[in-house]
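Q: Structure in C-alpha cells, see below.
The values are calculated or read from the model by the stated rules, or taken from the named source; none is laboratory data. From a predicted model like this one, the values you see are computed outputs, not experimental measurements. Counting neighbours? That spans all protein chains shown, and the Cβs are built from the backbone with ideal geometry, glycine included.
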Amino acid sequence: MSQPNTLLELIQAAPGDRTAIILPDAGIRVSYQQLRDQVIEMANALASLGITRTDRVATYLPNGLPAIVSFLAASVAGVSAPLNPNYREDEVSFYLEDTNAKILLLPPDGAEAARKAAEGRGVAVHILEMDANGYVRIAGAPMDKISSLPTGDDLALVLHTSGSTGRPKRVPILHRNIAASTHNIVATYNLSPDDVSLCVMPLFHVHGLVASTLATLLSGGAVAVPNKFNALSFWRTVKDTGATWYSAVPTIHNLLLSRAGNEKVAAAEGLRFIRSCSASLPAEMMEQMERIFGVPVLEAYGMSEASHQMSSNPLPPAERKPGSVGAGTGVKIAIMDEAGNLLPTGTRGEVVIQGPNVVSGYENNPEANAKSYTNGWFRTGDQGFLDEDNYLTLTGRIKELINRGGEKIGPREIDEVLLAHPAVAEAVCFGVPHPRWGEEVEAVVVLKEGAEANEASVLAFCKERLADFKTPKKIYITTSIPRTATGKIQRGAVAKAMTGASA
C-alpha cells in the first residue's frame, strides 16, 4: 500500500484483528476492523444528518473512544472541529460561531454549557452512545452513505491558536498535512505494531490526536486511552496496558517525578522512551526523569500550524541534547531575521519552517498570513538558534522577550537559573511595565514539597548567576502556576495573574 494521504487511509493498513484502542478504565479492547467499521458507520450517519465535505462537526467530549471515532468520522464526512470539554458556555458559543459548526456531538450526560451554547446558536446537537462492547454510534441517526471519500487536499481538522494575544486564529489542517506529520513521527521513533502508546494528552489538541493516537494507528500499534490523566494510577496503567511509550507536557512529567521522589520507578522498565512536547522541558528535569524512570527522554517541538511535530531529539544511540528540541524531522528548519534573511549557524533569530505538514495559511485571515509567511517559510513566532548538528535550541517566544532599556532578555534563560535553585520545582519569568526601563524582570516560583526558601534567598541565588539587568527585581512564591488546558504556560497570563499587569 502507498503512503497514506488521508486519515481514513491511516487506519487501513493494520490487520483487522490487531488491537487498535485499549480503554483501561472500561476493560475494553477495540480491533482495527471494529474501529474502521465504527468510523465508516458514523461518517455515514453524519452524511445522513446533512454533513458534506466542507461542513464543520464540533465535538465536546472527554478522552475516550467516542472522541477518537468522532474525530476520524467527522474528517471523513466533513471537517472535525474538536472543542475543549472544559469550556464555559460563552467559550463554546464563540467557537461554534467561529468555526461555523453545523452540528455538535456531545456525551450522553453533562455538558450543559455546550448544550446551552448550541441552543443559543441554533446548532443541532446529537448524542454519542457507546455500548458495553465499545461500539460508538450517534443516537438515532439514519444511515445514508457518504457520497465520496476525502482526498489528501481536503480539509480534515480545524483548530485554533492559543490566542495569547488578540482573537484566536483558525488553523485549517488538510488530510495530507496530518498524514505527513504522522509519517514523520513514526519514522522518528521507529514506531511499530509492537508499540503501545499511552495517551494522556487531551484529544482536542494536535499533541494527543496526532502524536499519541494517529501516529500509533499508522504504525499498526495500539493506543491506550484512560478517561483522564491520573498520577496515582499512571504506572499501574502503564503496566496493565503494556505501554511502550507516552508523550506529555512537562507539567505531567513533573507530577510523576514528584510522586516518585528519588525512588526508581520499576513499572517504567517496559517503556522504550518518553516523549516531551508542547512546552519547554528544563534540562535538569530531563536528566532527573532519565535517572528515575530509567528510559531515554526525547524532547520534541510541535505546533498546530505544522500539524504537530517539527523536530525531535532522536532515539539512542544517536545523541540527544538536554535543552535542545533536536533536529528537523522531515521538516526544514532555519533561522530568519526580521527582514526575512536566513541567518548562519549559532545566530539567534526567528525559527522558520517548511514541509508538507505545514499548513498553507490561517483561515480567512490575510493580515496574519502576510505576517506569518515569508519567501515560502512559515514564521513560528519562536526565537532560537541552530547548532553545528542542526539541533534547534529555543530561547523563547518573540512576543515574550523582555525589553529592558533596549536589552532583549529571553525569559527561558532566567527560568533555567531559577530551576537550578535546590528548593525550586517550577519557575516562570515575565516582563512587567516599568516607567524608566520600559519593562522590568519579575518571576514566580513554586517550591518543591517540603523545601523552604524565601524571596530574598532566591533573589540572591539569581544575582550570583545573572547579569544585573537580567536578575528579577521581584519573585512571587506561590503554590501553582496558571496554565492553558494543554499544559502550556503563557507568560502574559502568568504576569496578569501575579501582578494584574499585562506582559
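Q: Whether any residue in the range 144-155 is of a type outside the set (Ser, Thr, Tyr) and under 22 Å from Val223 (Cα atoms) is what I want to check.
A: For the range 144-155, residues of a type outside the set (Ser, Thr, Tyr) and under 22 Å from Val223 (Cα atoms): absent.
Q: Still on this structure, I have one more. In the range 439-487, how many are outside any strand (DSSP E or B), within 24 Å of Val249 (Cβ to Cβ) and of a type in the set (Ser, Thr, Tyr)?
A: 4
Q: For the range 488-498, enumerate the residues that are assigned to a loop (DSSP other than H, G, I, E, B) and not charged (D, E, K, R).
A: Within the range 488-498, Ile489, Gln490 qualify.
Q: If you don't mind, there's one more thing I want to ask. Could you tell me whether any residue of the range 28-44 is among the small types (Gly, Ala, Ser), over 21 Å from the mean Cα position of the chain (by Cα) and modelled with pLDDT of 95 or more?
A: Looking through the range 28-44, at least one residue is among the small types (Gly, Ala, Ser), over 21 Å from the mean Cα position of the chain (by Cα) and modelled with pLDDT of 95 or more.
Q: When the residues of the range 339-359 are narrowed to those that are polar (S, T, N, Q) and in contact (Cβ under 8 Å) with a residue 24 or more places away in the chain, which ends up surrounded by the most Cβ atoms within 10 Å (Cβ to Cβ)?
A: Asn357
Q: Need at least 2 residues that are modelled with pLDDT of 95 or more and over 20 Å from the mean Cα position of the chain (by Cα) per element, so show me which strands (runs of 3 or more DSSP E) inside the range 101-201 make the cut, counting only ones lying wholly within it. Can you show your working first?
A: Numbers: elements: 101-106, 124-130, 136-138, 155-160, 170-174, 196-199.
Per the criteria, 101-106, 124-130, 136-138.
Q: Check Phe94, Phe71 and return the single one that is over 15 Å from Ala141 (Cα atoms) and buried (at least 24 other Cβ atoms within 10 Å of the Cβ).
A: Testing whether each residue is over 15 Å from Ala141 (Cα atoms) and buried (at least 24 other Cβ atoms within 10 Å of the Cβ) leaves just Phe71.
Q: Here is a list: Tyr362, Tyr301. Which entry is under 25 Å from Gly208 (Cβ atoms), aromatic (Phe, Trp, Tyr) and crowded, with 23+ Cβ neighbours inside 10 Å?
A: On inspection, the qualifying residue turns out to be Tyr301.
Q: From the list Gly330, Gly340, Gly323, Gly346, which residue is in a loop (DSSP other than H, G, I, E, B), touching a Phe, Trp or Tyr at 6+ places or on another chain (Cβ under 7 Å) and on the phi > 0 side of the Ramachandran plot?
A: Gly346
Q: Would you confirm whether any residue within the range 118-127 is basic (Lys, Arg) and either within 24 Å of Val210 (Cα to Cα) or touching a Ser or Thr at 6+ places or on another chain (Cβ under 7 Å) (or both)? Give the steps one after another, and end with the answer.
A: First pass over the range 118-127, keeping only residues basic (Lys, Arg): 121.
If we keep only those that are either within 24 Å of Val210 (Cα to Cα) or touching a Ser or Thr at 6+ places or on another chain (Cβ under 7 Å) (or both) too, we end up with 121.
Within the range 118-127, one or more residues are basic (Lys, Arg) and either within 24 Å of Val210 (Cα to Cα) or touching a Ser or Thr at 6+ places or on another chain (Cβ under 7 Å) (or both).
Q: Within the range 273-284, take every residue that is buried (at least 17 other Cβ atoms within 10 Å of the Cβ) and not small (Gly, Ala, Ser) and give me the one that is nearest to Thr380 (Cα to Cα).
A: Cys277
Q: May I ask you to say which residue of Ile398, Ile402, Ile353 is touching a helix residue (DSSP H, G or I) at 6+ places or on another chain (Cβ under 7 Å) and at pLDDT below 95?
A: Ile402
Q: Within the range 75-92, take every residue that is part of a loop (DSSP other than H, G, I, E, B) and touching a Phe, Trp or Tyr at 6+ places or on another chain (Cβ under 8 Å) and give me the one that is nearest to His175 (Cα to Cα).
A: For the range 75-92, the residue satisfying everything is Asn84.
Q: Can you name the residue in the range 447-499 that is of a type in the set (Asp, Glu) and touching a residue at least 12 places away in the same chain (Cβ under 8 Å) and, of all such residues, is nearest to Leu83 (Cα to Cα)?
A: That would be Glu449.
Q: Of the residues that sit in the range 371-407 and are among the basic types (Lys, Arg) and touching an Asp or Glu at 6+ places or on another chain (Cβ under 9 Å), which one is farthest from Ala279 (Cα to Cα)? Step through it out loud before you land on a result.
A: Let us first name the residues in the range 371-407 that are among the basic types (Lys, Arg), namely 371, 379, 397, 399, 404.
Right, trim to touching an Asp or Glu at 6+ places or on another chain (Cβ under 9 Å) and you get 379, 397, 404.
On the way: Arg379: 18, Arg397: 11, Arg404: 25 Å.
Here the answer is Arg404.
Q: Could you run through the range 378-395 and say how many residues are within 27 Å of Val458 (Cβ to Cβ), modelled with pLDDT of 90 or more and among the hydroxyl-bearing types (Ser, Thr, Tyr)?
A: Selection size over the range 378-395: 1.
Q: Touching a residue at least 60 places away in the same chain (Cβ under 8 Å), surrounded by 15 or more Cβ atoms within 10 Å (Cβ to Cβ) and either among the hydrophobic types (A, V, I, L, M, F, W, C) or in the same structural domain as Lys448 (by TED's automatic domain parsing) (or both), is that true of Ala211?
A: Spelling it out, Ala211 is indeed touching a residue at least 60 places away in the same chain (Cβ under 8 Å), surrounded by 15 or more Cβ atoms within 10 Å (Cβ to Cβ) and either among the hydrophobic types (A, V, I, L, M, F, W, C) or in the same structural domain as Lys448 (by TED's automatic domain parsing) (or both).
Q: Of the residues Ala45, Ala20, which is closer than 17 Å to Ala77 by Cβ, crowded, with 16+ Cβ neighbours inside 10 Å, touching a strand residue (DSSP E or B) at 6+ places or on another chain (Cβ under 7 Å) and small (Gly, Ala, Ser)?
A: Criteria check complete, one pass: Ala45.
Q: Which condition breaks for Gly261 when tested against (1) of a type outside the set (Ser, Thr, Tyr); (2) surrounded by 15 or more Cβ atoms within 10 Å (Cβ to Cβ); (3) within 19 Å of Leu419 (Cβ to Cβ)?
A: (2) is the only condition that Gly261 fails.
Q: So, restricting to strands (runs of 3 or more DSSP E) that lie completely within the range 11-74, which ones have at least 3 residues that are touching a residue at least 24 places away in the same chain (Cβ under 8 Å) and touching a helix residue (DSSP H, G or I) at 6+ places or on another chain (Cβ under 8 Å)?
A: Where strands (runs of 3 or more DSSP E) fall fully within the range 11-74 and carry at least 3 residues being touching a residue at least 24 places away in the same chain (Cβ under 8 Å) and touching a helix residue (DSSP H, G or I) at 6+ places or on another chain (Cβ under 8 Å), they are 19-23, 56-60.
Q: Hey, another quick one. Hey, among the residues in the range 1-10 that are part of a loop (DSSP other than H, G, I, E, B) and not hydroxyl-bearing (Ser, Thr, Tyr), which one's farthest from Asp153 (Cα to Cα)?
A: Let us first name the residues in the range 1-10 that are part of a loop (DSSP other than H, G, I, E, B), namely 1-6.
From the residues that got through so far, the ones that are not hydroxyl-bearing (Ser, Thr, Tyr) too are 1, 3-5.
Details: Met1: 19, Gln3: 15, Pro4: 13, Asn5: 9 Å.
The qualifying residue farthest from Asp153 (Cα to Cα) is Met1.
Q: Give me a count of the residues in the range 100-121 that are farther than 22 Å from Ser75 by Cα and small (Gly, Ala, Ser).
A: Within the range 100-121, residues that are farther than 22 Å from Ser75 by Cα and small (Gly, Ala, Ser) number 5.
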